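Written out below as structure tokens is the structure these notes cover.
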Amino acid sequence: NGIIGPDVSMREMWRVYREEGIEELHFRGGFKRLRGAYFNDEYGVTVMLARGLPDDPTIFTMAHELKHHLVDSEIGTVLCRTEEERRRIEVGAEVFAAEFIYPEKDFVYDLFRLLRGMPHHVSPEILVKLKRETGTTLSHTALAKRAVLLRLADEKAFDDVRWRDLRLRSDQK
């Protein structure tokens, strides 16, 4: 995709979209729980994004919708699927987006470099430092999910973490 590093920009995402034939990108207000939607119909390929999101969640949503374009566009409308099929498709898009923005191997390498050795236990504070030092556009929550999936942290370690407060405290040090 030509993107190097975990700090994906809106400009880079738009370039990838154009290269993949996604020419229509609309920002709409009024979404309550929906951050994005992908359409591939007789009018062409269109991605709709919730207006007003900060760049990081917008970039994640664009990567999520890109997965639908690259993988799911041939299977028909997602709304016609069973709940289990829809859930599998959406989880796949979340995993794709996280890997697109910050590949797992880079995540582990950066943790290794940050901790000066093999990570055995990753805390919320370490993830805040990792995000700050790498500039990744992947959210703290997504970084935490990845740490849990890689068994570098216990899921309970991230219960009730207030990422913004933790980041602000870390910045004051």
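The values are calculated or read from the model by the stated rules, or taken from the named source; none is laboratory data. Nothing here was measured: the structure is a model prediction, and the numbers come from that model. Heads up, the Cβs are rebuilt from the backbone with ideal geometry, glycines too, and the neighbour counts pull from every protein chain shown.
Scanning the range 15-59 for residues that are without any contact (Cβ under 8 Å) to a residue 40 or more places away in the chain, loosely packed, with under 14 Cβ neighbours inside 10 Å and charged (D, E, K, R) yields 18, 19, 23, 24, 28, 32, 33, 41, 42, 51.
All told, residue 138 falls short of being of a type in the set (A, V, I, L, M), modelled with pLDDT under 90, surrounded by 16 or more Cβ atoms within 10 Å (Cβ to Cβ) and not in a helix (DSSP H, G or I). Picking from residues in the range 1-27 that are at pLDDT below 85 and touching an Asp or Glu at 6+ places or on another chain (Cβ under 9 Å), the one that is nearest to residue 67 (Cα to Cα) is 1. On the given criteria, is residue 122 in contact (Cβ under 8 Å) with a residue 24 or more places away in the chain and touching a Pro at 6+ places or on another chain (Cβ under 9 Å)? Criteria not met by residue 122.
For the residues 164, 87, 151, the requirement of being basic (Lys, Arg) and either assigned by TED's automatic domain parsing to the domain that holds residue 38 or surrounded by 18 or more Cβ atoms within 10 Å (Cβ to Cβ) (or both) singles out 87.
Can you find a residue in the range 5-14 that is farther than 21 Å from residue 139 by Cα and surrounded by fewer than 16 Cβ atoms within 10 Å (Cβ to Cβ)? Within the range 5-14 (the criterion being farther than 21 Å from residue 139 by Cα and surrounded by fewer than 16 Cβ atoms within 10 Å (Cβ to Cβ)), the answer is no, since none of the residues qualifies. Of 141, 134, 82, all but one fail to be in contact with a helix residue (DSSP H, G or I) (Cβ under 6 Å, 6 or more places away or on another chain) and within 28 Å of residue 36 (Cβ to Cβ); the exception is 134.
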